[in-house]
Each structure stands twice: as C-alpha cells, then as structure tokens.
1. Restricting attention to the range 143-177, and to residues there that are among the polar types (S, T, N, Q) and closer than 30 Å to GLN40 by Cβ, which single residue is most open to solvent (accessible area, probe 1.4 Å)?
2. Name every residue in the range 46-71 that is hydrophobic (A, V, I, L, M, F, W, C), in a helix (DSSP H, G or I), more than 15 Å from the chain's Cα centre (by Cα) and surrounded by 15 or more Cβ atoms within 10 Å (Cβ to Cβ), in order of residue number.
3. Looking at SER42, SER74, which one is buried (at least 18 other Cβ atoms within 10 Å of the Cβ), of a type in the set (Ser, Thr, Tyr) and in contact with a Lys or Arg (Cβ under 6 Å, 6 or more places away or on another chain)?
4. Please go through the range 113-125 and pick out each residue that is closer than 21 Å to PHE17 by Cα and either open to solvent by less than 40 Å² (accessible area, probe 1.4 Å) or not in a helix (DSSP H, G or I) (or both).
5. Could you pull out the residue among LEU102, LEU20 that is surrounded by 15 or more Cβ atoms within 10 Å (Cβ to Cβ), under 17 Å from the mean Cα position of the chain (by Cα) and touching a residue at least 60 places away in the same chain (Cβ under 8 Å)?
6. Which one of ILE160, ILE117, ILE155, ILE177 is under 30 Å from PHE100 (Cβ atoms) and over 16 Å from the mean Cα position of the chain (by Cα)?
7. For the range 23-38, enumerate the residues that are of a type in the set (A, V, I, L, M, F, W, C) and surrounded by fewer than 20 Cβ atoms within 10 Å (Cβ to Cβ).
8. Applying the selection to the range 89-99, what residues are open to solvent by 70 Å² or more (accessible area, probe 1.4 Å) and either part of a helix (DSSP H, G or I) or in contact with a Leu (Cβ under 7 Å, 6 or more places away or on another chain) (or both)?
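The values are calculated or read from the model by the stated rules, or taken from the named source; none is laboratory data. The shown structure was predicted, so the numbers you read here are calculated from the model rather than taken from an experiment. Heads up, the Cβs are rebuilt from the backbone with ideal geometry, glycines too, and the neighbour counts pull from every protein chain shown. These accessible areas exclude ligands, DNA and RNA; they are computed on the full protein's heavy atoms, side chains included. Shrake-Rupley method; radii C 1.70, N 1.55, O 1.52, S 1.80 Å.
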Amino acid sequence: MISGVFLFTIRLLCTVFGCLLLLRAYMRFLGTPSNDPLSQFSYQLTQWAVHPASSFIPRYRNIDFPCIFVAYLSALIYVFFLWLVTGGTIGFLYLFISSFALVISWIVEMAMWVALIYCIFSWVNPTSRYYRTLGYLSDPFLAPFRRIIPVWRNIDFSAIVFFLLASFINGFLSQFI
C-alpha cells in the first residue's frame with residue numbers, strides 16, 4: 001500500500017516535471033516567442049534543473065538538448081524507483097530502455113493534451129491568446145491529418161484520428177515501461 005502511494009507520487013512528480021521540460025524544448029524548437037505566457041511558465045519552473053545541464057550539454061540550433069537530457073533523467077528516476085519497489089528483478093539495461101520509452105510516451109501524451117485543449121478552446125474561446133499558442137503547438141502534428149481527412153460540416157476529424165493513433169502508440173509503449 002505504502003509503496004503504491006510512493007510510486008504514484010514519484011510518477012506524478014516526474015511526469016509533470018518531464019512534460020514541462022519537453023514542452024520547453026518543443027517550444028524552443030518551434031521558435032515560440034519568449035514573451036508567450038506558456039513559454040515563460042515552462043521556463044520559470046524548469047530553469048533550476050536545465051541551467052546546470054546546459055553547462056556541459058550544448059544546445060544545437062533550436063534543439064534544446066539540456067531539456068531533453070533532464071527530462072530523460074526524470075524518467076530514469078521514476079523507472080529506478082519502480083525497479084527498486086519491484087525488487088530489482090529486471091535487468092539493468094531495462095532502466096535505460098524503459099526510461100526512453102517513458103519519455104516518448106510523455107511526448108505522445110503531451111501532444112494529445114495539447115490537441116485536446118486546443119479543440120476545447122476552439123469551441124469555447126477562439127479569440128484567446130492561449131488558443132493561438134495552442135494552435136501553434138498542435139499544428140505540426142495535426143496538419144498531416146488535416147491534409148488527408150477533409151472537414152465535414154465545420155467538424156475537423158483530424159484530432160479524433162490523431163487521438164486514436166496516439167492512443168495506439170501509447171498502448172504499444174506501455175509494454176516497455
């Protein structure tokens with residue numbers, strides 16, 4: 001019972017922190033303006049961990065490798081505690097592979113949440129500045145589906161197809177975590 005609560009807490013903290021780091025790296029990759037509220041939020045909450053990593057891991061153009069590295073470390077921390085609670089019966093290589101799969105799973109989940117919130121904002125408040133930012137963030141992974149699937153009676157089915165595909169990918173990745 002205690003180990004379950006402990007693992008839940010560690011997973012929650014590592015997932016939230018890892019997703020903030022990946023959001024920061026993704027926004028830097030897209031070139032989101034630094035005065036954007038979401039960009040400032042993710043920067044302020046993660047700078048304490050990224051700054052030391054950026055002293056020995058260089059950024060390359062618009063790819064923020066220090067953020068990605070710290071997100072991987074966050075996943076590694078969770079998988080390590082999972083490994084300890086389960087008795088450490090699985091091999092040591094499992095820690096690294098499972099951590100990588102967990103980071104990929106976080107990326108897919110974050111993309112699903114961004115697309116979902118973007119869809120909700122499109123119905124509720126399409127004039128919001130957050131709607132513009134979410135559109136900017138979700139367009140790279142929704143655009144390929146929009147090219148294939150036509151809009152029918154002002155209903156965009158690309159997000160639904162994206163959710164189905166992303167759920168399939170997350171289901172596949174869950175066997176490695």
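1. Ranking the qualifying residues of the range 143-177, first place goes to ASN170.
2. Step one: filter the range 46-71 for residues hydrophobic (A, V, I, L, M, F, W, C), giving 48-50, 53, 56-57, 63, 65, 67-71.
Pick out the ones that are also in a helix (DSSP H, G or I) and you get 48-50, 53, 65, 67-71.
With the extra rule that they be more than 15 Å from the chain's Cα centre (by Cα), the set shrinks to 48-50, 53.
Matches in the range 46-71: ALA49, VAL50, ALA53.
3. Working: SER74 fails: in contact with a Lys or Arg (Cβ under 6 Å, 6 or more places away or on another chain).
Among SER42, SER74, only SER42 is buried (at least 18 other Cβ atoms within 10 Å of the Cβ), of a type in the set (Ser, Thr, Tyr) and in contact with a Lys or Arg (Cβ under 6 Å, 6 or more places away or on another chain).
4. Of the range 113-125, the ones closer than 21 Å to PHE17 by Cα are 113-117.
Selection gives VAL114, ALA115.
5. Numbers: LEU20 fails: touching a residue at least 60 places away in the same chain (Cβ under 8 Å).
Only one candidate qualifies: LEU102.
6. Values: ILE117 fails: over 16 Å from the mean Cα position of the chain (by Cα); ILE155 fails: under 30 Å from PHE100 (Cβ atoms); ILE177 fails: over 16 Å from the mean Cα position of the chain (by Cα).
The match here is ILE160.
7. Keep residues of the range 23-38 that are of a type in the set (A, V, I, L, M, F, W, C), which gives 23, 25, 27, 29-30, 38.
Those that are of a type in the set (A, V, I, L, M, F, W, C) and surrounded by fewer than 20 Cβ atoms within 10 Å (Cβ to Cβ): PHE29, LEU30, LEU38.
8. PHE92, LEU93, PHE96, ILE97, listed by residue number.
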